[in-house]
Amino acid sequence: QVQLVESGGGLVQAGGSLRLSCAASGRTFGVYGMGWFRQAPGKEREFVAVISWSGGIIHYADSVKGRFTISRDNAKNTVYLQMNNLKPEDTAVYYCAATMSLGATMTNEYDYWGQGTQVTVSS
């Protein structure tokens, strides 16, 4: 099993920045990539970004491209999501997820999920 713990969420004003962290532990050997998803109340969970542990594969949702940056520290088994120029529509619970597949951008392609961290962006 892989355990994922998110942190760094909070309340921020529109235009502000926030950095989320996701620490992975357990059987991470077979994990190919780490992704970030988000879910607003009453809405489906949506893909935000993904990065392979090698760092060679990175994908962003169009809605966050240019504003969010995903990165990883393999030595710490930690993935980060730097969120800049935040907008009220970014408000959601953000989840870290691990995939053993290639090029995973869909929720059903991820094998492990964190509990989530709340991000609230005020107007």
Please determine, by comparing only the residues of the range 112-123 that are open to solvent by 80 Å² or more (accessible area, probe 1.4 Å) and not in a strand (DSSP E or B), which one is modelled with the lowest pLDDT.
123
Set 29, 37: member being under 10 Å from the mean Cα position of the chain (by Cα) and not charged (D, E, K, R)
37
Yes or no: residue 92 surrounded by 15 or more Cβ atoms within 10 Å (Cβ to Cβ), farther than 18 Å from residue 12 by Cβ and either in contact with a strand residue (DSSP E or B) (Cβ under 6 Å, 6 or more places away or on another chain) or of a type in the set (S, T, N, Q) (or both)?
no
Being among the charged types (D, E, K, R) and farther than 18 Å from residue 22 by Cα is the filter; apply it to the range 67-89 and report the residue that is most open to solvent (accessible area, probe 1.4 Å).
89
Considering the range 23-66 alone, what residues qualify as being under 17 Å from residue 88 (Cα atoms) and open to solvent by less than 30 Å² (accessible area, probe 1.4 Å)?
37, 38, 40, 48, 61, 64
Has the range 7-16 got at least one residue that is touching a His at 6+ places or on another chain (Cβ under 9 Å) and open to solvent by less than 80 Å² (accessible area, probe 1.4 Å)?
no
Identify, by number, the condition in (1) assigned to a loop (DSSP other than H, G, I, E, B); (2) without any contact (Cβ under 8 Å) to a residue 12 or more places away in the chain that residue 108 doesn't meet.
(1)
Within the set of pairs 6 or more residues apart or between chains, which connect a residue that is at positive phi inside the range 87-99 to a residue that is buried (at least 21 other Cβ atoms within 10 Å of the Cβ) and in a helix (DSSP H, G or I) with Cβ atoms less than 8 Å apart?
none
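The values are calculated or read from the model by the stated rules, or taken from the named source; none is laboratory data. None of these values were measured; they are calculated from a predicted model. In this analysis, Cβ positions are derived from the backbone assuming ideal geometry, glycine residues included, and neighbour counts consider all displayed protein chains. These area figures cover heavy atoms from the full protein model, side chains too; ligands, DNA and RNA do not enter into them. Shrake-Rupley method; radii C 1.70, N 1.55, O 1.52, S 1.80 Å.
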